[in-house]
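What follows draws every value from the coordinates through simple rules; no lab data is involved. Everything quoted here is computed from the prediction, not taken from an experiment. Reconstructed Cβ throughout: ideal geometry from the backbone, glycine too, with neighbour counts over all protein chains shown.
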Amino acid sequence: MNRELQERSARVEALLEEFRATGDERAMERAEELVRALMGLYAVGLARVVDLAGEAGLLRSLADDPVTGSLLVLHDLHPDDVATRIQAALDRVRPYLGSHAGGVELTEVDELGVAHLTLEGSCHGCPSSAVTVTTTVERAVLEAAPEVVAVEVTGVVAQGSPPLLQIGLRPGLESTASGPEPRWAHLESTAPPGGTAVLQVEGQPVLLANLAGTAYAYRDRCPRCTASLRGSPLAGDELACAACGAVYDVRLAGRGTDPEGGHLEPLPLLPDGTGWKIALVPGVAA
């Protein structure tokens, strides 16, 4: 969902929560009725916009736009069903998963609103791939299909890792991904095409790489010598640490070309319509 829409939606929820906190049930009922009435009013107008857009051949453009598409989903006017939207979201995130998952496929959305996915492949020994995949897929599915209540995932994403069992998409649902819950930060841009950049994002040093228009993000730290990767040359898909010469494959989850050289730590990175969003692990600073 577009960031401005998220902020406005959160504001509505906050105001309703203030009514609940007063303990005045009558006032709360009226407030909720007012919100429903306003949504119904705009739904009528939006339905007419959809009709006119369909007649003019513009409905696909409205559906694909992150702002208007979110509104169409909200009012059950989107031309694509939930399975189609989830599949399109998975297609969009695959390039940003690199080799963390060889395949991410939708099996079904059951009658309870749970989306069932299957993961195949491995990250060639990258232990952080489970968090990378679950966080990225969770975000993509939630934004594409907010009516989904949970995602259940089966499959292997890293050698020696247990299957990912469930990703909760609503407050109160538990996620089985280990480690602290990542938080998402906004980026205006990534690295220039064919290049890299190191940025401080909420106090965390982040290495960004751009391979033929596909962006990748990693923790800015060489696992072999612990130095920053700022200024390290990028040749094709391979990044060579300027301090120690260790080489890492940026496209393949940051895997070191030397089996003993370790791997870069990937960070989920997704386009969000106004720039990029990146998942950061709480408690890790520069």
Task: Taking ASP272, ASP220, ASP258 and counting other C-beta atoms within 10 Å, the order from fewest to most - done: ASP258, ASP272, ASP220
Open item on the list: Modelling each spin label as a point 7 Å along the Cα-to-Cβ direction, I'd like the LEU41/GLU7 distance in nm, to one decimal.
Closed with: 2.4
Task: R0 of 51 Å, Cβ-Cβ distance LEU112-THR257: FRET efficiency to nearest 0.05 - done: 0.65
- [ ] Would you mind ranking TYR218, TYR42 by Cβ crowding within 10 Å, fewest neighbours first?
- [x] TYR42, TYR218
Open item on the list: Report D for region 3-74 in µm² per second (integer): Stokes-Einstein, Kirkwood Rh on Cα pairs, 10 °C, 1.306 mPa s.
Closed with: 113
Task: Gain upon complete extension [VAL67, ALA227; 0.36 nm per residue less C-alpha separation] - done: 53.5 nm
